[in-house]
Every structure is written in C-alpha cells, then in structure tokens.
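Here it is: the structure, laid out below.
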Amino acid sequence: MNTNPEDQTRGDSTPFFHGDEPAPLSCNETASLCMKAARGAGMSWGMAEEAGFASAWLVAHCIDGPSCLYAHLERADGKVWGDLCPTITPTSWRNTADHAICPIILGATICDYADLPEGPRPDTTIQLGRVSMPILLVPFLAVLARKNALGITLKWADSSICINHDETWLEAAARHLTVQQLDLTLSVKAGQVQKANNQTALKSRTTAGTIAALNTLAMRTTVPASDASRSSAGSTLSDND
Amino acid sequence: MPVSKLNKTAEVRRFMRPASEVMRLERMGSSHPTRLSFLRILLRRLKSSDWQIDRPVWNVDAKGVGHGVYRVRSDERIYSLVAFAHDLPDEMRSDRVIATAWDATFTLFDGEPTPDDIARLAKNVPFQEAGRISPKELTLARANRSVRLFKHVVDALSEGRQPDASEMNAVGYLMRTTAVYGSGKFGASDREDIAQRPELSAPFQVEMLTVWLIRAFTVDIVEHMAAAKGGAGAVKLDRDTRRSLGVGNSTGLGMAPFIVRHPVLLNNWMLAREEALARVRAQTVAEPDAVLALNDVHASAMQNAVAWRSEHPVQVKKLQDLRRDLDLIADQLETFDWAVTRPWNELWSWGESTLTFEGQEALLALMLEPHGPLIDDLADHMGADEAACFRIDGAMSVADLRSVLEQSYGWALEIDFTTPENTARFWYVSEEKLEPRLGERATEEGASLEQPMCIARLVAELYATVQDYDHTKPVAALLLAHPEHRYAVRRVQITKNHSYAEVHDNLIAADMLPIDLLRCKLAYFGASQFDPRSDRWVRINLFAGAPFPGDINAESTL
C-alpha cells in the first residue's frame with residue numbers, strides 16, 4: 001500500500017488526514033469505510049453492512065461512530081461467531097460462554113426477531129448480558145422503536161435510558177454507553193408512533209487515528225497488485241487523442 | 001408513491017415486459033437513452049422552473065489557466081459550478097482513475113461561493129482524490145481535453161474560421177470527464193441531505209448539472225484561448241456547431257459494482273422505463289402528432305447511428321445490427337397501418353419478432369419519445385429510499401424464503417457453479433489503487449478476497465442451505481445459525497417486492513462482458529453513443545445536441 005500523502009492515485013482521500021486535524025466524514029464515507037473495516041475484522045458481508053449502517057447512524061446523530069466501531073473491532077478481531085453472538089431463549093440472550101456480545105450482531109438480531117415471540121415485543125424483558133461498546137446497539141434500537149412504536153429501556157447496574165419518542169435520551173446514551181462493555185437488560189413497552197427525526201443537523205467528526213486504524217482493517221479486504229491486474233484495468237487504446 | 005401503485009390498471013400491466021426478459025445482460029448492454037434518462041429529466045426541470053444561468057466569474061489567462069464560476073439561480077436556490085483550468089503536459093494525460101493531473105477540475109457548490117470558499121476549493125479541487133471538499137459541495141469532477149479537436153478548434157477560431165465539420169463529428173466533444181463524484185464522496189454533501197429538494201430528487205441530478213455546466217465551460221475556454229491567440233480576428237463557434245458538441249466521458253469497471261450494490265435503485269430505473277413502454281403499448285389509438293414526432297426522432301436516431309464510431313469488435317457488430325434495424329424500422333413506418341387497434345403495440349410486436357436487441361431497445365426509446373405527457377411523471381419515481389428496504393424481515397418463514405428463491409431466482413439456481421467457465425472470474429478491490437477490478441480465478445491470486453458481486457452464486461449457496469433447514473423456522477433463526485447468508489437474504493427479500501432488482505446473469509462467467517453493465521447505466525444517464533475501448537472500459541458523449549444555458553428557455557420540447 002502506498003501511503004505517500006502526495007499520492008493522488010487512490011480511490012479515497014481518508015488516509016490524508018493527519019494528527020489532530022478534524023476529520024469530518026460524510027455518512028456515505030463512514031458507512032463505506034466501516035463496512036470494509038468490519039469485513040476486514042471478520043464479519044460476513046451482510047453483517048458488515050449492518051456495521052456500516054450503525055456507524056453512519058451515529059455520525060448523523062453527532063456521535064463518533066467510527067471510533068466506537070474501531071474500539072469494538074479491535075477486541076472482536078479474530079474471534080469466532082460463537083463467542084460474539086447471543087443465544088436466544090425467551091428471557092435471556094446471554095452468550096453461551098458469557099462472552100461480551102458484539103453490538104452489531106446483537107442489534108441486527110434484535111431487529112430480526114422484532115416480530116417473533118422470543119423478540120423485543122411489548123411487555124417483555126430480556127437479559128442481554130455483557131455487550132461490547134453498547135452505544136453501537138443504539139441505532140438498531142432507535143430504528144426498531146420508531147418502526148414498531150415501542151419504548152425500549154436499557155438498564156445496567158443502577159442506571160438506565162429509555163429510547164422513545166422523546167429524543168433527549170440520545171445525549172445520555174452517548175455519555176453512558178460509550179464504554180468498553182456493560183451488562184445490560186432490555187425491557188420493552190408499547191409506545192407512541194415517532195416522527196422521523198431530521199438528521200441534517202451537525203454531524204460528528206472522527207479522528208485521523210480512527211480513520212487510519214479502520215483503514216488498516218479495511219485493507220485486509222483488498223488484493224495486492226500484479227502485472228495482470230494492472231494491465232487489464234484500463235483502456236487498451238491511448239487516452240491521448 | 002411507488003411506481004407499482006401508479007400502475008393501477010391490469011390493462012397497462014399486461015404490456016409490461018418480465019424481468020426475465022429485461023434484466024439479461026445482453027439486453028441491458030443494448031440499452032439506449034430515453035426521455036426518462038437523467039440528463040433529459042434535468043433539462044426539462046431547468047426549462048420548466050425558469051432557472052437563470054450566468055457566469056459571474058471568469059479569471060482565466062491567455063494560456064487557459066485560472067478559474068471561472070457558473071451560476072444557476074431559481075427563486076429558492078443557487079448552485080455554482082467552480083471550474084479550475086490547468087495547463088497539463090500531454091504526457092500526463094490519462095483517463096484512468098489513477099491519473100494524477102487533469103486539464104480542468106470542477107466542483108458544484110451549494111449556493112454562491114465567497115472568495116474564501118474559492119480559495120479553499122483552489123487548494124483541494126485540483127488535487128481531486130488527494131484533496132477534501134465539504135458538505136457545501138455537491139460534486140467533484142475533472143476533465144481532459146480531446147487534444148486533437150481542442151487544438152484544431154482553438155487554431156481555427158483564432159484564424160477567424162469555423163472548425164472543420166468532419167473533425168468535429170469524428171470526436172464530438174472538446175473535453176471528456178474521467179470522474180464525476182457525488183453522494184458524499186471525498187467529504188461532499190450526502191445524497192440523503194439534498195434528495196428532498198424537488199430539483200434533485202431524481203437520480204444523479206447534481207452530477208448531470210455538473211456535466212452540463214462543464215460543457216458550457218469547454219466552449220468558453222476554447223473561445224477564450226482562440227481570442228487570446230488570434231486577437232481581434234478570432235471568432236466564436238457557430239451556434240449549430242456549438243450545439244453538436246457534448247461532453248465526453250470515460251468509464252471503467254468502477255461503475256459496474258454500483259449497479260449490483262443498489263438493487264432498489266436499479267429496480268426503480270427499470271420499472272419506470274418498463275411502465276412507460278407498457279403505457280405506450282396500451283394506447284388504443286395513435287395520435288397523429290405522435291406519429292409525426294416518431295418519424296422525426298427516427299430520423300435523428302439514423303443520424304446518430306451514422307455518426308457513432310467504434311473500433312471495438314463487439315460494438316462494430318452491434319452498430320451493424322443497429323443501422324440495419326433502423327432501416328427496417330424506416331421501411332415498416334412507411335407502410336405501417338396506424339388505424340389498427342393498439343397500433344403502438346402492433347409496432348412493438350413487429351419489432352420484437354424482427355429486430356436484434358439493439359434494434360428493439362432503440363425502438364423502445366423511439367416509441368417513448370412522442371409520449372411526454374403520458375410518461376414523464378415516471379421520472380418522479382426513479383429515486384430510491386434504500387434505507388427503507390435495508391431491514392431484514394426475520395419473521396418470514398424459511399419456507400417462504402425458499403419459495404421466493406424458487407420463483408425469482410430460477411435463473412441463478414440453474415447455473416452450474418462447479419464448472420470452470422461459470423466461475424472463471426472474480427471481482428476484487430485492488431490494494432494499490434482501491435479500484436474495483438476483475439481477475440481470472442485460474443491464473444490470478446486473490447480469489448479468497450472476492451467481493452460479493454456474483455449474486456447468482458451467493459443465492460445458490462443460500463438455496464443449498466435452505467433446502468436442509470427446518471422450513472417452519474423463521475429467517476431470523478436461519479441467520480443466527482448461518483450469518484454468512486445475511487447478504488443474500490437481504491437481496492432475496494428486496495427482490496420479492498422489486499422484480500427488476502437483479503441482473504439475471506452470472507457476473508463471474510468467462511464470457512461476461514462488463515461493458516454491458518456500464519452501457520445500461522450510461523444509457524440511463526443519457527449517453528447517446530457508446531465506444532468501448534476494451535471489454536471493461538467505455539467512452540461516451542453526453543449532452544450532444546442539447547441546448548446551452550443561454551438557449552434553454554427558448555426550447556419548444558426537451
């Protein structure tokens with residue numbers, strides 16, 4: 001990989017942030033980089049798309065999703081599915097070996113089970129157990145709360161937040177859930193139908209360090225150059241005409 | 001409202017072509033632009049909304065180096081193309097995404113740029129991928145001169161004469177763009193943040209506006225350089241000559257994954273066009289004005305086919321087919337009985353049984369052209385809210401998933417993926433340049449890093465798993481046990497409600513032609529001539545024959 005900062009010949013410009021420079025990414029760039037990094041860290045393509053969704057949702061809501069995702073991927077890198085996924089029973093979704101669950105897998109699976117008896121239906125309480133970087137769970141719960149008109153409460157130790165129609169919870173979520181892991185319980189009540197919120201307000205910036213770290217994971221999905229790949233990439237005729 | 005709701009009557013529905021016919025690669029690779037192409041939608045919008053267009057800044061020296069600003073104003077909004085003109089040595093000119101310098105670079109600014117904005121953009125836009133733009137910018141683009149024609153036109157105008165018509169026709173543009181980036185790339189505004197604006201709700205409108213204004217810039221810069229060279233004796237381009245010029249574009253493999261990665265969007269493009277064709281076929285009578293207009297657009301298509309040049313053997317054959325088919329259509333129109341019931345459907349049925357794919361798709365474009373009032377509303381349904389289709393329906397039973405697979409993916413399940421010719425290629429991203437490439441599985445390294453482009457094989461693998469899985473279980477349980485199928489399951493559920501979402505072909509087959517994917521997308525942009533430069537690289541011309549900013553309000557039809 002050519003990391004020369006003057007190299008203009010690569011398909012993205014994110015490696016060109018330096019040091020403490022603010023590093024604003026668009027939501028599209030966030031989703032794309034985070035999906036590739038998640039894939040590079042071992043997620044299936046479909047789950048990596050979920051990682052891209054969650055990170056971009058957080059950026060659109062002024063939370064540094066890419067840094068949160070990297071913090072999780074760094075710890076999950078190389079772990080097998082069984083160590084990262086929930087084991088679903090009617091009251092508990094704890095991982096079989098009580099490992100910290102991947103918040104992307106958990107969030108996507110909660111949405112998959114949204115309309116099933118084992119899932120987050122009104123008046124249910126589910127022990128989630130330990131969840132890695134739990135802020136990454138929030139985008140899934142927020143989308144689900146809106147879609148199924150639910151109030152979803154996350155409880156841990158002696159504290160909780162309720163994801164509902166009143167969006168003041170987001171600031172509290174950012175403050176309390178941006179941590180390595182929490183032992184969580186999820187409880188669900190029927191709520192009000194929520195209005196779609198406007199995401200065009202201030203977007204989060206991330207850091208040059210996070211972008212570099214995610215790029216390192218993302219580069220695992222790429223193939224080193226060969227003469228064959230270079231020669232077949234472009235036109236076989238001159239462009240200078 | 002989705003297009004499917006508009007398609008109310010069984011009357012129209014029975015004239016819709018099925019996906020099994022429309023979504024084959026060979027037919028997609030014969031696509032022609034229509035009045036629903038994105039540049040046509042832009043031009044109609046610009047005319048109907050009475051936008052004012054001017055050039056408030058022109059700061060370019062005698063060598064053609066400097067910058068200019070093109071401003072497009074309505075009562076509510078301003079968009080400004082900021083153009084930077086450079087002096088590029090010939091040896092640095094390449095159309096590849098890996099080029100490092102260009103003859104001109106551009107950004108479409110959301111509003112009117114201040115001098116501070118221009119200074120910031122001057123430090124970034126000329127460097128393209130090595131710079132950053134901001135949410136105030138909507139696109140980032142660059143263009144190279146057609147060296148031969150550019151020099152010829154500057155020389156001719158500077159000497160007080162018009163350029164040679166045969167030289168103009170042989171190239172067709174003064175500059176060609178080698179990338180036009182939008183949708184949040186390199187820090188630009190996200191599509192989601194601007195898609196609600198009526199003038200930008202159709203696909204690729206900021207990109208089309210950028211290219212249309214670049215076209216004006218290409219003429220301004222040759223006339224400027226001719227004046228600098230020839231002084232008082234220099235002349236400007238004749239209006240008709242100027243109008244024949246388009247903007248060239250070089251496109252490589254990067255465009256192919258887009259088609260595959262945006263299934264809902266692809267569906268909406270195809271559905272709008274197919275609904276338009278069905279509405280025309282369903283007309284019980286032909287209006288005399290429409291028949292007259294059909295003859296006019298056929299004559300234009302004949303001229304276009306004569307002017308269209310390519311050396312690529314695949315395209316040479318397709319051009320022969322097209323020219324022969326347009327002759328056949330001419331013969332048919334001379335004797336056609338427009339008094340029959342559903343004459344447009346009669347004409348279409350004749351074409352289906354007589355013409356090659358090239359001719360059939362050209363006939364489609366011709367038949368849509370005289371029917372603006374009947375079909376132009378479909379342009380409002382070609383965008384897509386992809387986020388709304390992202391969530392998987394985990395409550396669907398595995399039995400239902402299997403049934404969708406069998407009903408909608410028969411074309412994929414029939415492919416034998418154990419044979420070398422059916423798995424000959426693999427799509428990957430190059431580490432060196434981060435661009436999509438296509439490798440040969442038998443001879444190149446890297447197949448373990450294959451991108452999920454071959455939907456047919458992913459779906460066949462899902463089907464194999466589903467056959468052995470408890471059919472009473474929900475999809476949510478299947479995905480917890482088999483997370484590797486999440487990508488394919490999402491596709492299958494999308495296809496259940498979007499029948500034109502998938503390309504019905506094997507995208508890793510030995511004989512697959514990437515230029516077929518490129519041509520389909522470029523036809524939707526509105527390209528009228530396609531010149532493949534290899535099996536994965538194509539040049540086109542955009543906006544040739546279209547009005548310039550000063551002319552648009554006087555146009556009778558667009």
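Would you mind computing the Rg to Rh ratio of chain B from its alpha-carbon coordinates, Kirkwood style for Rh?
Answer for chain B: 0.97.
Using alpha carbons only, how many degrees (0 to 90, rounded to 10) separate the axis of helix B:486-497 from the longest principal axis of chain B?
90
Which entries of B:K63/B:K236; A:K147/B:K185; A:K36/A:K155; B:K63/B:K185 have Cα-Cα distances beyond 26 Å here?
A:K147/B:K185; A:K36/A:K155; B:K63/B:K185
Using a simple spin-label model with points 7 Å from Cα along the Cα→Cβ vector, what separation in nm is obtained for B:T284 and B:N169?
4.6
What order do you get for A:I211, A:I101 when you list them from fewest to most C-beta neighbours inside 10 Å?
Lowest count first: A:I211, A:I101.
Here's another thing I want to ask about it. Can you give the mean number of other chain Cβ atoms that lie within 10 Å of the Cβ atoms in peptide B:477-483?
6
Residues in region B:399-432 near a label at B:A510, defined as backbone nitrogen under 18 Å from the 7 Å Cα→Cβ point?
Flagged as within label range: B:415-427.
For chain B, what is the mean residue ellipticity at 222 nm derived from helices alone (per DSSP H run of n ≥ 4: -39500 (n - 2.57); sum divided by total residues; nearest 500 deg cm²/dmol)?
-13000 deg cm²/dmol
Separate question: Across 10 Å bins from the origin, how do the percents of Cα pairs in region B:350-495 run, short distances first?
Percent of pairs per bin, in order: 9, 25, 26, 27, 13, 1.
Under the definition of partner shielding as Cβ atoms of other protein chains within 10 Å of a residue Cβ, what is the mean value for peptide B:392-401?
Taking the mean over all residues of the peptide, I get 3.
Express in nm, to one decimal, how much length is gained between B:T9 and B:L413 on full extension, taking 0.36 nm for each residue of separation and deducting their alpha carbon distance.
This chain segment gains 142.2 nm when fully extended.
In which sequence would B:E223, A:E29, B:E275 go, from the one with the fewest C-beta neighbours within 10 Å to the one with the most?
Lowest count first: B:E223, B:E275, A:E29.
Suppose each label sits 7 Å from its Cα in the direction of the beta carbon; what would the B:V314-B:K136 distance come out to in nanometres?
4.4
Taking only Cα atoms, what is the 0 to 90° angle, nearest 10, from helix B:398-408's long axis to the longest principal axis of chain B?
It is inclined by approximately 50 degrees.
For the residues A:M219, A:M35, B:M396, what sequence is obtained by ranking on other C-beta atoms within 10 Å, fewest first?
Final ranking by Cβ density, sparse to dense: A:M219, B:M396, A:M35.
Using 0.36 nm times the number of residues separating B:L292 and B:D331, minus their current alpha carbon distance, what extension gain do you get?
12.5 nm
Hey, another quick one. Suppose R0 equals 25 Å; then what is the FRET efficiency for A:T91 and A:A172 from their Cβ-Cβ distance, rounded to the nearest 0.05?
So the FRET efficiency works out to roughly 0.45.
Note the angle between two axes, namely the Cα long axis of helix B:514-525 and the longest principal axis of the Cα atoms of chain B, as a number of degrees from 0 to 90, rounded to the nearest 10.
Computed tilt is about 60 degrees.
Write out the trypsin sites (Lys or Arg not before Pro) in region B:93-195 meeting two conditions: DSSP loop, and at most 14 other Cβ atoms within 10 Å of their Cβ.
B:K123, B:R161
Write down the radius of gyration of the protein assembly as shown and its Dmax, each obtained from C-alpha positions, in Å.
Computed over the Cα atoms of the protein assembly as shown, radius of gyration and Dmax are 27.3, 87 Å.
Sticking with the crude label model, points 7 Å out along Cα→Cβ, report the distance from B:R261 to A:T216 in nm, one decimal please.
Placing both labels 7 Å along Cα→Cβ, they lie 2.4 nm apart.
Of the listed peptides B:258-266, A:75-83, what is their order by residue-averaged count of other C-beta atoms within 10 Å, with the highest listed first?
Final packing ranking: B:258-266, A:75-83.
In peptide B:424-436, how many Cβ atoms from other protein chains are near each Cβ within 10 Å, on average?
The per-residue average across the peptide is 6.
Beyond 20 Å, what share of the Cα-Cα pairs of region B:331-400 remains, rounded to the nearest whole percent?
That tail contains 55 percent of the Cα-Cα pairs.
Could you work out the Rg to Rh ratio of region B:10-120, with Rh taken as the Kirkwood radius (inverse of the mean 1/r over all Cα pairs)?
Checking Rg against Rh, the ratio lands at 1.15.
Residues of region A:129-166 with the amide nitrogen closer than 13 Å to a label point 7 Å from the Cα of A:D123, along Cα-to-Cβ, please.
So the set is empty, nothing qualifies.
Only the coordinates and a few stated rules stand behind these numbers; no lab work does. Quantities reported herein were computed from a predicted structural model and do not represent experimental measurements. Heads up, the Cβs are rebuilt from the backbone with ideal geometry, glycines too, and the neighbour counts pull from every protein chain shown.
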